[in-house]
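Participant: The structure follows.
Every read-out reported here was derived from the displayed coordinates using simple, explicitly stated rules and does not represent laboratory data. What you see is a predicted model, and the numbers here were worked out from it, not measured in a lab. Glycine also receives a Cβ, built like all others from the backbone with ideal geometry; neighbour counts cover every protein chain displayed.
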Amino acid sequence: MTTMSNRDKAGRNAKRLSEWIENTPLAELPLNQFGTVSRQKVCKIVGVPASSVGSNAEIRALLDGLDLRLRLHSPAPSRSHKSFVSEGTREEKCDLLAELAVARRKLSRLSYLEEFATWIPE
């Protein structure tokens with residue numbers, strides 16, 4: 001069994017983030033208190049270590065580009081009660097999406113094991 005190099009992992013993580021960005025509408029992006037994309041929540045949803053944002057220039061560039069797109073297409077966030085409710089709802093949705101992504105990865109692993117692994121009794 002071969003292990004992936006750090007460079008391969010970095011490329012895989014950047015590709016995974018890029019695909020998620022392409023498939024996620026701007027309205028569904030998790031935001032932080034400053035109105036920019038919440039890197040921690042995005043990393044959790046995508047299944048990428050949050051530390052990758054600081055160490056992987058490609059991931060950092062993708063997230064910075066996402067912030068720019070968000071600023072260009074969204075009005076400045078208002079501080080009304082309605083916006084706080086929608087932020088809470090958005091946050092809950094992002095948490096659920098992250099949990100769903102984790103569950104799907106686990107299911108994929110189990111499906112693989114079910115199909116290709118053989119059990120050897122002790």
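Participant: Kindly write out, for the stretch 15-23 in residue order, the coupling ³J(HN,Hα) from the Karplus curve 6.51 cos²θ - 1.76 cosθ + 1.60 (θ = phi - 60°), rounded to whole Hz, with x marking Gly and Pro.
Facilitator: 5, 4, 5, 4, 5, 5, 4, 4, 9
Participant: Here's a follow-up. Take every Cα pair under 8 Å in the stretch 6-116 that's 6+ residues apart, average their separations, divide by the length, and report that relative contact order as a whole percent.
Facilitator: Once divided by the residue count of the stretch 6-116, the mean separation gives 32 percent.
Participant: While we're looking at this one, here's another question. From the phi of every residue in the stretch 60-67, what ³J(HN,Hα) in whole Hz does the Karplus formula 6.51 cos²θ - 1.76 cosθ + 1.60 yield, where θ is phi - 60° and glycine or proline is x?
Facilitator: 4, 5, 4, 5, 5, x, 5, 4
Participant: Using packing as a proxy for protection, rank 5-18, 40-53, 102-115 so that the peptide with the highest average count of other Cβ atoms within 10 Å comes first.
Facilitator: Values: 5-18: 14.1, 40-53: 17.7, 102-115: 10.1.
Result, highest mean first: 40-53, 5-18, 102-115.
Participant: Here's another thing I want to ask about it. How would you classify the stretch 6-116 from its alpha-carbon gyration tensor, with a ≥ b ≥ c the square roots of the eigenvalues: rounded for a/c under 1.5, else prolate if a/b is greater than b/c, otherwise oblate? Present the calculation step by step, with values, prior to reporting the outcome.
Facilitator: Details: a/c = 2.64, a/b = 1.49, b/c = 1.77.
Oblate, because a/c is 1.5 or more while a/b does not exceed b/c.
Participant: Please turn the phi angles of the stretch 43-53 into ³J(HN,Hα) values with the Karplus equation 6.51 cos²θ - 1.76 cosθ + 1.60 (θ = phi - 60°), one per residue in order, whole Hz, x for glycine and proline.
Facilitator: In residue order, the calculated couplings are 4, 5, 5, 7, x, 10, x, 4, 5, 5, 4 Hz.
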